[in-house]
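Participant: Quick one: the structure is below, and I'll ask about it shortly.
The values are calculated or read from the model by the stated rules, or taken from the named source; none is laboratory data. Computed from a predicted model, the values in this text were never measured in an experiment. Positions of Cβ are backbone-derived with ideal geometry, glycine not excepted, and every protein chain shown enters the neighbour counts. Just the protein is used for accessible areas: all its heavy atoms, side chains included, with ligands, DNA and RNA removed. Shrake-Rupley method; radii C 1.70, N 1.55, O 1.52, S 1.80 Å.
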Amino acid sequence: MERTPIIEMKGIVKVYPDGTKALKGVDLTVYKGEILGLLGENGAGKTTLMKILFGMLHPTSGKIFIRGEEVRFKSPSDAIAHGIGMVHQHFTLVEVFDALHNIILGMEGHGLFSKIDVDRATEKLQKLMEDLNFKVPLDVPVEDLPVGVQQRIEILKMLFRDVDVLILDEPTAVLTPLEVEELFAVLKKLKAEGKTIIFISHKLNEVMELTDRVTVIRKGEVIGTVNTSEATPQLLARMMVGRDVVLRIQKPPKEPGEPILEIRDLWVKGDRGEEAVGGLSFEVRAGEIFGIAGVEGNGQTELIEAITGLRRPEKGQILLNGVEITGRSPRELYEAGMAHIPEDRTHMGLILNMTVTENAILGLQWMKEFQRWKGTIDWNRAREHTRRLIEEFEIVAPGVDAPVKSLSGGNQQKLIVAREVSKKPVLIVASQPTRGVDVASTEYIRNYLVKLRNEGKAVLLVSADLDEVVQLSDRMGIIYEGEFMGIVKPEEVTTEEIGMMMGGIRYEEIRK
Amino acid sequence: ISPGKEETQTKGAIAIVYDVGGRGDLSFNDMAYLGASKAAKDFNLELVELQSNSEDDYVKNLETLASQKKYLVIIAVGFMMTDAVKQVADEYPDQKFAIIDGYIPDKDNVMSILFKENEGSALAGALAGLIAANDGKDKVGIVLGMEIPVLYKFEAGYRFGVKWAEDYYKQKTGNDVSIDVIYQYTGTFNDAAKGKAAARAQLAQGAWVIYQVAGGTGLGVFDAVSEVLDSQGKKMGPPFAIGVDSAQDWIKPGVIIASMMKRVDVGVYTAVKDAVEGTFKGGIVELGLKEDGVGISSVDDVMAMFNSLPEDTQKQKLKDLGFNSKDELKQYLEQTRAQVPAWIWEAVNDLKGKIITGTIKVPAPMDKEGIEKVRAAKTWQEMMELAK
Amino acid sequence: MNVGDVLTILFTSLMAMVPIVLTSVGAAWSERAGVVSIGYEGVLLMSAFFGAIFAELAHNAIVGLVGGIVVGVLLGMLHGALTVYLKGDHVIPGIGINLLALGVVPFGILAYWGTAGQHQLPDDAQMWHIRTPYGELSPMVFVTIAIAIVTWWVLFKTPLGLRVRSVGENPEAADALGINVEKYRFWSTVYGHALAGLGGAFMSVDWLGLVHKTMSGGRGFIALANMVFSGWNPLVSLIGGWLFGFFDALATWLAPKHIIPGQFILMLPYIMTIIIVAGIIGKARPPKWDGRPYKRE
Amino acid sequence: MKKSGSELLKSLNFRPFIESLIAIFVGFLIGAIVLLAFGYNPFEAYYWLFQGALGSTRGIASTLKYATPIMLTALTFAIGTRTGIFNIGAEGSFYFGAIAAVIFTNVWDNMLFGLVMGMLLGALWALPAAVLKVYRGVHEVISTIMLNWIGWFFVLWLIVGPYANPNDPNKTIRIPVDARLPEIGYGLSIAIIIAVVAALLTYFLLWHTTMGFGMRASGMNEKAARYAGMNPKMAVMWSFLIGGLLSGLGGAMKIMGEGPTYAISQGGANIYGFGFDGIGVSLVGRNHPLGIILAAIFFGMLRAGTALMQAQAQVPLEIIKVIQGIIVITVAIPSLYDLIKKAIHRGAAQ
Ligand SMILES: Nc1ncnc2c1ncn2[C@@H]1O[C@H](COP(=O)(O)OP(=O)(O)OP(=O)(O)O)[C@@H](O)[C@H]1O
Ligand SMILES: Nc1ncnc2c1ncn2[C@@H]1O[C@H](COP(=O)(O)OP(=O)(O)OP(=O)(O)O)[C@@H](O)[C@H]1O
Ligand SMILES: [Mg+2]
Ligand SMILES: [Mg+2]
C-alpha cells in the first residue's frame, strides 16, 4: 500500500538557551491516517520534538515538511492553520474560565470587539461531543473539574479547530482505566475519520494497543521505528532504555504484621463542602501494601489529605501505631513516622524554584541531623544527605545546588521517593507514585515500594493505574463516591469485577 | 577691593541652598531665589544654587559649599535648616551664612533673617474680615498646608485681623458683626486638588474670602474661588482669595484680591549686600511691617513680581490672560481692588500704622497651646494680651 | 448639612474620582493581561504636564487630553518593552518612571513656561464644564464612567477581553492556541498607561486648570489600591474610586468643624477603605500570572 | 570552617551582581546622553558625582549615612517578597520606629531601649496588615498603602501635638544625649554597622534557619510548604512582623543616629519616603540581603554625590533625578546581560 507522509521532520536539532542539547538530529515521518506512538525515557526529547512540530519552539536546525511542503512555524497558530493540534502533557487551560471559553479562546469568531457568540459555539461543541460520544460541562470553571474532564476539554479545543493531526503528549498519565478506554475509543474513531494521531506514553501496553507504528527516541536521537504488530513490550522497553527491563514485579509472599494505620469511620468533606469520604474504615499492616483503586475524584485525594494532616476530617479516627493522630499537623505526623509521596509532584511534592538540596530536605529540616544549632540548617550536611540520596536512588541531576526544575519528571519523582524514604517511616502513603514516569524509573519505584514492604513497613498506595494497584497490593480497596465497594485480595478477583466495583457495585452484590 | 573694574568677570560667588520644597514652592524658596538672583546681578556675583532632595541633604549641601571656601555668603532657606547651619557654621567659622526663618542668635558668622508673618497676616485678616462685613457675610476662611507650628503665626495673625475688623466695622457703622474663621489644615503643601476641595467646602459653608497658606495646595484655592466666580458669570470677586508669601495676584488676577507678602527676597538681598560691603553682622534680623519685611501687596508689588519673570513668560502670560500690554494687567489689578471700597483699604492701612508704631501687637504663637489660646480668644484685645 | 452641601460633596467626589478611576481601570486591564506597573504616579504627573502643553499649543482642551493619552502610550510602550519583550522585572521600571517624573516636570515647567513650580492654563486650553453654584462637573466624569463600563464589557464579554484575560491567567494556554502573548500583553500595558495618561491630563487641563510640580499627590498609588480593592474589575473600580473620592470629600467637608484633630479627619478615607475591604470584600485573587514575565523556552 | 567558606562562595551567584553592574553602566551611558542633550558635560558631571560620593572620607561617610535607612526598609520589602507578599508597609513602620525612639528615649534615656521600642512599634504597625491578610485575605497592597497614610497622619499629630519640642516647636523633643548612637566620624553613626548586621542576620534567617526556610518555601509554593509541615500563615505573619521590626529599627536609628537634629522635624520631613525608596533598593539588590547592602550603598552614592554635582558641574537636581530614574529603569532588564553578550558574540563572529 502506498502511503503518503503527512509530516516529515528532517534532522531536527534543538539546543535550549541554557545549552541543553535536547535533540541531536531527529528524523520523524508520520503517515496520513495512522496512529504513531512516540516512546522514550523521561527527558529523551519527545515533548521538545512535538513542541517544535506545533510551532511553540523553533528548531535550532532542521526542516519540517507538511504534506510535502516545507514549513516554518512562527507560532502555534501557524501549526493550527496547517491542521496540526497538540494536547500538552501539562494541561494548558485557563483555570478560571469555563470549558466553553477555554475552547473558543483565539477562535471566538466575529470581530475582536463584538460580543462573544456563545450560542453558536455551544452548538458546534454539542455536535462535536455527540459525534465523539463524550460530554463535558461547558459552563463550569475548569479548575473545578476532574483531570479526565479537563483533558477532554483539551482534545475538544483542538478538534474545534478542525485539525487533521492531533498530538497527544502523555494523555493517559492522569487518566483512570475507564477514562483511558473512553479516550482510546475516541482516538480510534478519529482515526477512522481519517485523522492522524501522534501518541506519547510511558505505558507500553497502551502503545501496543493503540498505535500502528512506534518511534523510539533516546537522549535526543531516534533509535528506531517499528510496526506495532511486529513489536513486543520487551522489545520497546529495551529500545528505550538500552537494557532489559523487568516489567513484572517480583513480590514474595509475606505474612503481614501488626496494624500500623487504622482508619475508623472516617468522614471528610471536599473543597465544595460535599461528602467526599463517607465513613471509611480499614487498616494497613506492617509488611503490607494496601492499594486503593477507583476512578479519580471518588474521594481518594480527600482521604489521603485527611490521613496526612492536610485536611481536617469531619469525624472518625485515624490511628498510627495505635496512637490517635486525627487532626495532627503534617509535621507531627512525620515525627510520628509517616511519609507521604503526594500525587501532585510539581505543586506539592517539590518547590520547583528551589535547589535539589533544598527539596531533598523539604519536611526534614527539623531533623537534628541537619542542625548544628537548634533552629538552623547546616547546608553542608544537607548537601551530604542529598548526595547520598542521589547516589542510592540513581537520580540523574546536574548537581545538588541545581534548581530542581532542571531534573526530568522521572528523576524529580525519584527524588521525592528518596526523600520520603529517608524519613525512616513506618508508614508510607504513596499517591500516584509513577504517574508520568518512564518505564525504567517506574520499575525502580515499584520495586522500591515492594522492598519497603518486605522490610516490614506499611504502604498505603493510591493509584489511578489499575495495573499498578493490582500488581503491587497485598490487599486492595475499591473506592466509589467515598466508600469502599469491597476490600479484596487482587488475585481473588477478575479485572471485570474490579471494573464493576469502580462503577459503584458492591462486592457482595457481584458475588451473589 | 575696588568695585566696577572688570565687568565681564564675576567678582565672587554666593550660594543658596533651598529646602526640600525647592524652586517652585511658591513660597520662601522662590522668593529667596528672587533676592539672590537680583543681588548676583547687581553686585556682579556668580550664583550657585543647590536643591535639597530631602532633609538629610542640608548638612551635606551646606558642608559641600562651605568646604569650597569661595562663597561670600551661603544662604540657607528655611527653618528646617537651622540645626544644619548651626553645625556647619561651627565647623567653618570663616564662612558667612544667612538663614531664612531659622533662629540662630549667637554666632558671628550667621545672620538669621526672621519675618513677622503674624503682622502681615493680621492685615490679610483685616482685609478679609472687612470685605465680608461690608458684604453682609459672616464667615471667612483660611486654608493651610500641613499642620506645622510655623503656620500658627499665619493663622493667629489672620484671626487677629478678622477680630480687629469686627471691632472696626462696628465702630464705623454701629452695626454688630460677628465673623467666624473657617480654618483647615489640609495635611499637604503639594496637592492642588486637595486645596481646591478644601476651598470648595469652605465656600459652601459660607466663607467669603479665603486666605491660602498652603504652597502648591493653595493653587487649588485660587481655582475654587475662580470657579465660583465663573458660575456666577463674574470676572472679579468677591468672593476673593488672598495669596501668600509673594505677590501672587498675577497668578489669577481678579480672583486674588491681594497677597500677604513675606519679603524673603529683601532679606536675602540685604544679607548679600552686607557681605559685599563688609557690613555683615551675625545675629538676628527680624523683619516686620515696620521694616517692610511683610505686608499686603500693592499693585506695584504685583507688577514688580510680574516683571521678574522672563520676558517670554510675561508675554505669554499676558496673552493667556487676554491682555495686550502690561498696562492692561495693571489696570485690571487696580479694577479688582476697586471692588473693595476704599475705606477698607484705608482701614487696613490704619491697622498697619498701629502695628508699626507698636500700639497694636499681634500674637505669634509658637506651638499648639499658643494657637489654641488665640482660637479661644473672643476679641482682638484679648489676643493682644497673648502677644505680650 | 443641606442639599447644597450634599451637592458640593457629590460634585467634588465625582471630579476627584476621575484620575483615580481611569488609572485603576487601566491598571486593572493591564494586570488582567499580567503586567504590573507601579509607575502610574509618574505617568499622571508627566501627562498632566505634557497634556497642558498640548492643550495650549492647540488652544483646545481635548487635544490636551489626547496629548495625555499619547504620553501614557509612550510610557506604556517603554514599560511594555521592558517587561513584556525584555522580560524585565515589572516593579522596577515604575520606580524609575516615578523618579523621572519628579525630575522632568519641575524642570519642564520652569523651562517651558518660565514660572517655577506652577503654571495656570489659559481659558482656551481648559475643558468646558457644567457650572453650578455647588461645583463644576466635567464631561470627563461621564466619559470616565463610560470608559469604565466599556472596558468592563470588553474585558468580560468580547473575544479581545477573553484573550487579554487568558494571557494574564495562563499565557502558556493562550500561546498554545496561537494567541500572541507578547502582543496582547504589550498593548494591554499601553492601554493601561494610556488611561492613566488621560487621567493625568484631566487633572491639568480639566479639573484644576493648572500644572503644579507635585500635583499627582499620591493618586497613582491610591489607584493601585483601588484596583486591588475592585478585584481587578473595572466596574467595581468605578465604584471604589468614587467611594474613595466621596470619603475624601466628606472628610474635607468635615474638617473645618474640628470635631476631632484634623489629622484624624484626614485618615477617614483610608480607614474607610480598610474597613470596607476587611469587612465586606475580603479576599481578592489576582490574575495567576500577574507580574510574571512569560518566556517560551 | 575553610570548606564552608568556599561552599558559601560557591553557593553565591555572582551573575545578578554582574548583571546589575552592566545595567547601571548602561544607565549611566543613557544618562550621559541626557546630560549632553541639556548641554552639560557628562564626564565632569559624573566626575563630581563620584568625587562627592567616594572622593573623600567625608564623602564615603555620607554615602554610608544615606545608605543606612534604605538598607533597612529594603530588607522589609525583600523579606516580604521572599515570603510571597508585596509588602509596601515599610514606610509606615519607619514612621513608628522614629516616633517610638523619640517617645521612649525620653521616658528612659537608654539607647538600647529606644532601639528596641522602635523595633516593637515598627512591628506593631505591621501587625494589622498581617492579621488582615491571614485572617481576612485582605491583599497587602491595599492594607499597607492605607496603613501608611493612616500612620502618617497619626505620627504628624504626635509630632505637632503631644511631642512637639517646647523650646523649638519646629521639631519634636530630642533624643537625650546619652541615648544617641555613638558616632564613628563625619556624622556617620554606628547605625550603618547595625544595618549591615541586620542585613546579615536577615540573610542568615532566610537561608540558614528552619524558620527562614519555611518562609521562603511558603513564598514560592504555599501548598508544598504546608505539605512539608510548615505553617504558611505563620510565615506570612512573621514576614510582616520581622519586616516591620526592621523598618522600625531604621526609623529609630534615623532619629537616634543622625545629627544635628536628633528629633523628628515638623511635617515629618526627615522620616518621609524611606519606605518607598527601599522598594527600589531591594529590587536592585535582587531581594537578597547581601545584594541589598550593595544596592543601598549604590543609592547612597547617588545621593551623596548630588551636592558636588550641583555645585561644581551646575547640573540641577531635576536632571540628576532624571538620570537616577533612567539608571533604575535599566536595572529592570536582566536580559541586558544576554543582549550584550549576544551582540559581542555576533560581533566576534563577523
Ligand atoms: N526549557 C528548557 N530549557 C532547557 N532544557 C530543557 C527545556 N525543556 C526541556 N529541556 C531538556 O531537553 C531534554 C528533552 O526534554 P523533553 O521535555 O523533550 O523530554 P521528554 O522526552 O518529553 O520527557 P518526559 O518523558 O519527561 O516528558 C531534557 O534533557 C530536558 O532537560
Ligand atoms: N527551565 C528549565 N530548565 C531546564 N530544564 C527544564 C526546564 N524546564 C523543563 N526542563 C526539563 O524538561 C523536561 C521535561 O519537562 P516537563 O516539564 O515536560 O517534565 P515533567 O512533566 O516534569 O516530566 P514527566 O513528563 O516525566 O512528568 C524535564 O526533563 C526537565 O528537566
Ligand atoms: Mg515530555
Ligand atoms: Mg514530561
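Every residue, every condition in (1) in contact with a Phe, Trp or Tyr (Cβ under 9 Å, 6 or more places away or on another chain); (2) of a type in the set (A, V, I, L, M); (3) away from ligand 3 (no atom under 16 Å from the Cβ), yes or no:
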position: A:V421; (1), (2), (3): yes, yes, yes
position: A:A430; (1), (2), (3): no, yes, yes
position: A:A440; (1), (2), (3): no, yes, no
position: A:S473; (1), (2), (3): yes, no, yes
position: A:M476; (1), (2), (3): yes, yes, yes
position: A:K489; (1), (2), (3): no, no, yes
position: A:T495; (1), (2), (3): no, no, yes
position: A:G503; (1), (2), (3): yes, no, yes
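Participant: Can D:A224 be described as open to solvent by less than 10 Å² (accessible area, probe 1.4 Å) and touching a Lys or Arg at 6+ places or on another chain (Cβ under 7 Å)? Give the steps one after another, and end with the answer.
Facilitator: Working: open to solvent by less than 10 Å² (accessible area, probe 1.4 Å): yes; touching a Lys or Arg at 6+ places or on another chain (Cβ under 7 Å): no.
Spelling it out, it is not the case that D:A224 is open to solvent by less than 10 Å² (accessible area, probe 1.4 Å) and touching a Lys or Arg at 6+ places or on another chain (Cβ under 7 Å).
Participant: Go through the residues of segment A:452-463 one by one and say whether even a single one is open to solvent by less than 10 Å² (accessible area, probe 1.4 Å), within 15 Å of ligand 1 (Cβ to nearest atom) and in a helix (DSSP H, G or I).
Facilitator: No: segment A:452-463 contains no residue that is open to solvent by less than 10 Å² (accessible area, probe 1.4 Å), within 15 Å of ligand 1 (Cβ to nearest atom) and in a helix (DSSP H, G or I).
Participant: Please find, within segment A:36-57, the residue that is farthest from ligand 3 (Cβ to nearest atom) out of those that are without any contact (Cβ under 8 Å) to a residue 60 or more places away in the chain and in contact with a helix residue (DSSP H, G or I) (Cβ under 7 Å, 6 or more places away or on another chain).
Facilitator: In this case the residue turns out to be A:G55.
Participant: Follow-up question, since we're still on this one. Which one of these is within 14 Å of chain D (Cβ to nearest Cβ) and part of a helix (DSSP H, G or I): C:I239, C:I260, C:I280? Walk me through it before giving the result.
Facilitator: On the way: C:I239 fails: within 14 Å of chain D (Cβ to nearest Cβ); C:I260 fails: part of a helix (DSSP H, G or I).
Within the list C:I239, C:I260, C:I280, the selection yields C:I280.
To keep it simple, each residue is scored yes or no on (1) open to solvent by less than 10 Å² (accessible area, probe 1.4 Å); (2) away from ligand 4 (no atom under 16 Å from the Cβ).
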residue	(1), (2)
A:Q126	no, yes
A:L138	no, yes
A:V149	no, yes
A:I155	yes, yes
A:V186	yes, yes
A:A192	no, yes
A:H202	no, no
A:E206	no, no
A:S229	no, yes
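Participant: Same structure again: Please indicate, with yes or no, whether at least one residue in segment A:208-222 is part of a helix (DSSP H, G or I), touching a Leu at 6+ places or on another chain (Cβ under 6 Å) and either more than 16 Å from ligand 2 (Cβ to nearest atom) or assigned by TED's automatic domain parsing to the domain that holds A:G62 (or both).
Facilitator: Among the residues of segment A:208-222, not one is part of a helix (DSSP H, G or I), touching a Leu at 6+ places or on another chain (Cβ under 6 Å) and either more than 16 Å from ligand 2 (Cβ to nearest atom) or assigned by TED's automatic domain parsing to the domain that holds A:G62 (or both), which makes the answer no.
Participant: Take the residues in segment D:204-214 that are in contact with a Pro (Cβ under 9 Å, 6 or more places away or on another chain) and open to solvent by less than 30 Å² (accessible area, probe 1.4 Å); name whichever of them is nearest to the other protein chains (Cβ to nearest Cβ).
Facilitator: Looking at the filtered set, the residue picked out is D:G214.
Participant: All but one of (1) buried (at least 18 other Cβ atoms within 10 Å of the Cβ); (2) closer than 29 Å to B:G145 by Cα hold for C:K257, so report the exception by its number.
Facilitator: Unmet condition: (1).
Participant: Tell me which residues, restricted to segment A:416-436, are within 14 Å of ligand 2 (Cβ to nearest atom) and either touching a Ser or Thr at 6+ places or on another chain (Cβ under 9 Å) or of a type in the set (F, W, Y) (or both).
Facilitator: Selection gives A:Q432, A:P433, A:T434, A:R435.
Participant: Continuing with the same structure: For segment C:204-220, indicate whether the set of residues that are within 14 Å of chain B (Cβ to nearest Cβ), assigned to a helix (DSSP H, G or I), within 15 Å of B:A197 (Cβ to Cβ) and open to solvent by 10 Å² or more (accessible area, probe 1.4 Å) is non-empty.
Facilitator: Yes; the residues of segment C:204-220 include at least one that is within 14 Å of chain B (Cβ to nearest Cβ), assigned to a helix (DSSP H, G or I), within 15 Å of B:A197 (Cβ to Cβ) and open to solvent by 10 Å² or more (accessible area, probe 1.4 Å).
Participant: Scan segment A:361-386 for residues that are surrounded by fewer than 19 Cβ atoms within 10 Å (Cβ to Cβ), over 18 Å from A:K424 (Cβ atoms) and basic (K, R) and jot them down.
Facilitator: A:R372, A:K374
Participant: Within segment A:19-31, identify whether any single residue is more than 14 Å from chain C (Cβ to nearest Cβ), buried (at least 20 other Cβ atoms within 10 Å of the Cβ), within 11 Å of ligand 2 (Cβ to nearest atom) and among the hydrophobic types (A, V, I, L, M, F, W, C), and answer yes or no.
Facilitator: no
Participant: Looking only at segment B:44-100, count every residue that is more than 11 Å from chain D (Cβ to nearest Cβ), buried (at least 20 other Cβ atoms within 10 Å of the Cβ) and charged (D, E, K, R) and tell me the total.
Facilitator: 1
Participant: Would you confirm whether or not segment A:274-282 contains a residue that is within 14 Å of chain D (Cβ to nearest Cβ) and either more than 16 Å from ligand 3 (Cβ to nearest atom) or more than 21 Å from A:P256 (Cβ to Cβ) (or both)?
Facilitator: Within segment A:274-282, none of the residues are within 14 Å of chain D (Cβ to nearest Cβ) and either more than 16 Å from ligand 3 (Cβ to nearest atom) or more than 21 Å from A:P256 (Cβ to Cβ) (or both).
Participant: Looking at segment A:2-55, which of its residues are modelled with pLDDT of 90 or more, away from ligand 4 (no atom under 16 Å from the Cβ) and part of a loop (DSSP other than H, G, I, E, B)?
Facilitator: A:K32, A:G33, A:E34, A:G55
Participant: Same structure again: Please specify each residue of segment D:295-327 satisfying the condition of being more than 12 Å from chain C (Cβ to nearest Cβ) and among the aromatic types (F, W, Y).
Facilitator: D:F298 - this is the single residue of segment D:295-327 that is more than 12 Å from chain C (Cβ to nearest Cβ) and among the aromatic types (F, W, Y).
For (1) of a type in the set (K, R); (2) touching a residue at least 40 places away in the same chain (Cβ under 8 Å); (3) in contact with a Cys (Cβ under 6 Å, 6 or more places away or on another chain), each residue gets a yes or a no:
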position: B:L130; (1), (2), (3): no, yes, no
position: B:K139; (1), (2), (3): yes, yes, no
position: B:Y152; (1), (2), (3): no, yes, no
position: B:I182; (1), (2), (3): no, yes, no
position: B:D191; (1), (2), (3): no, no, no
position: B:K196; (1), (2), (3): yes, no, no
position: B:G216; (1), (2), (3): no, yes, no
position: B:V228; (1), (2), (3): no, no, no
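Participant: Can you tell me which of A:H90, A:H58 is within 16 Å of ligand 2 (Cβ to nearest atom), surrounded by fewer than 17 Cβ atoms within 10 Å (Cβ to Cβ), in a loop (DSSP other than H, G, I, E, B) and assigned by TED's automatic domain parsing to the domain that holds A:I35?
Facilitator: A:H90
Participant: Okay, moving on. For segment D:224-333, please list each of the helices (runs of 4 or more DSSP H) lying entirely inside it that holds at least 1 residues being of a type in the set (S, T, N, Q) and more than 18 Å from D:E91 (Cα to Cα).
Facilitator: D:289-313, D:317-331
Participant: Next question. State the number of residues belonging to segment D:19-40 that are open to solvent by less than 80 Å² (accessible area, probe 1.4 Å) and not in a helix (DSSP H, G or I).
Facilitator: Qualifying residue count, segment D:19-40: 2.
Participant: Okay, next question. Filter segment A:335-357 down to residues that are acidic (D, E) and within 17 Å of the chain's Cα centre (by Cα) and give me whichever is nearest to the other protein chains (Cβ to nearest Cβ). So that I can check it myself, show each step before the final result.
Facilitator: Taking segment A:335-357 first, the residues acidic (D, E) are A:335, A:343-344.
Narrowing further to those that are within 17 Å of the chain's Cα centre (by Cα): A:343-344.
Working: A:E343: 11, A:D344: 8 Å.
Among those that are acidic (D, E) and within 17 Å of the chain's Cα centre (by Cα), it is A:D344.
Participant: Oh, and also: Check every one of the strands (runs of 3 or more DSSP E) wholly within segment B:199-273 and list those with 3 or more residues that are more than 14 Å from chain C (Cβ to nearest Cβ). Show your work before the answer.
Facilitator: Numbers: elements: B:209-213, B:240-245, B:256-262.
Correct list: B:256-262.
Participant: So, one more: For the structure I just gave you, tell me whether A:L112 is at pLDDT 90 or above and assigned to a loop (DSSP other than H, G, I, E, B).
Facilitator: Numbers: at pLDDT 90 or above: no; assigned to a loop (DSSP other than H, G, I, E, B): yes.
So A:L112 fails the test.
Participant: I need every pair where a residue in segment A:19-30 that is of a type in the set (F, W, Y) has its Cβ under 7 Å from the Cβ of a residue that is more than 12 Å from ligand 2 (Cβ to nearest atom) and in a strand (DSSP E or B), sequence separation at least 6 or different chains.
Facilitator: none
Participant: Just to be sure, is C:I149 assigned to a loop (DSSP other than H, G, I, E, B), over 14 Å from the mean Cα position of the chain (by Cα) and of a type outside the set (D, E)?
Facilitator: Criteria not met by C:I149.
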